[in-house]
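Notes follow once the structure below has been shown.
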Amino acid sequence: MTGAEQLRQRTCRHTDSALDEATIAELLAAVPGWQREGQRIVRHFRFDNYYQTLAFVNALAWIVHAEDHHPELNVTYNCCVVKFDTHSVNDGKGGLSENDFICAAKIDLLLAASA
């Protein structure tokens, strides 16, 4: 079984292959708080104010830029919704790859560091 720490030690790489359902279930269990919504994984991050929300977004941006794997973000005053999927899989139709879970695990570490 792959855990969050193992995912954090990995680096995103280009892939054309989507994950199978069993692997998605295993990796989703490694990133508590993330939920599957169709062909994406999604998490809502809540904060006390806009400054904290933007600080989180900036730290997240640094991580995903380094991994070259970018999520969809919805940012409001005290919430950031992060949605990961991989556009290149399934012949360009999109889906989930290990990259989505690698980035999710690394982003989760931001909250652990601030707790």
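Would you point out the residue of segment 9-20, among those that are surrounded by fewer than 15 Cβ atoms within 10 Å (Cβ to Cβ) and not small (Gly, Ala, Ser), that is farthest from Thr86 (Cα to Cα)? Give the steps one after another, and end with the answer.
Initially, segment 9-20 is screened for residues surrounded by fewer than 15 Cβ atoms within 10 Å (Cβ to Cβ), giving 9, 11, 13-17, 20.
Narrowing further to those that are not small (Gly, Ala, Ser): 9, 11, 13-16, 20.
Working: Gln9: 19, Thr11: 15, Arg13: 11, His14: 10, Thr15: 9, Asp16: 9, Asp20: 14 Å.
Per the criteria, the residue is Gln9.
Taking segment 33-46 as the search range and keeping residues that are loosely packed, with under 14 Cβ neighbours inside 10 Å and touching a residue at least 12 places away in the same chain (Cβ under 8 Å), which one is nearest to Arg8 (Cα to Cα)? Explain how you work it out, then say what you get.
Of segment 33-46, the ones loosely packed, with under 14 Cβ neighbours inside 10 Å are 33, 35-38, 44, 46.
Checking the rest, the ones that are also touching a residue at least 12 places away in the same chain (Cβ under 8 Å) come to 33, 36-37, 44, 46.
Numbers: Gly33: 16, Arg36: 19, Glu37: 22, His44: 20, Arg46: 22 Å.
Once the filter is applied, the top-ranked residue is Gly33.
For segment 65-74, the count of residues that are under 11 Å from the mean Cα position of the chain (by Cα), without any contact (Cβ under 8 Å) to a residue 40 or more places away in the chain and within 25 Å of Gly3 (Cβ to Cβ) is nonzero.
Can you pull out every residue in segment 47-65 that is surrounded by 12 or more Cβ atoms within 10 Å (Cβ to Cβ) and farther than 13 Å from Ile107 by Cα? Reasoning before the result, please.
If we filter segment 47-65 for residues that are surrounded by 12 or more Cβ atoms within 10 Å (Cβ to Cβ), which is where we start, we get 47, 50, 52-57, 59-61, 63-64.
Selection gives Phe47, Tyr50, Gln52, Thr53, Leu54.
When segment 54-110 is filtered for residues that are out of contact with any strand residue (DSSP E or B) (no Cβ under 8 Å at 6 or more places or on another chain), polar (S, T, N, Q) and outside any helix (DSSP H, G or I), the ones remaining, listed by number, are Thr76, Ser88.
Taking the residues in segment 56-108 that are at pLDDT 95 or above and touching a His at 6+ places or on another chain (Cβ under 7 Å) as candidates, determine which candidate is nearest to Ala22 (Cα to Cα).
So in segment 56-108, the residues at pLDDT 95 or above come out as 56-86, 96-108.
So of that shortlist, the ones also touching a His at 6+ places or on another chain (Cβ under 7 Å) come out as 64, 79, 81, 99, 103.
Values: Val64: 25, Cys79: 31, Val81: 25, Asn99: 16, Cys103: 19 Å.
Applying the filter and picking the extreme gives Asn99.
The values are calculated or read from the model by the stated rules, or taken from the named source; none is laboratory data. Since the structure is predicted, the reported quantities are computational estimates derived from the model, not experimental observations. Counting neighbours? That spans all protein chains shown, and the Cβs are built from the backbone with ideal geometry, glycine included.
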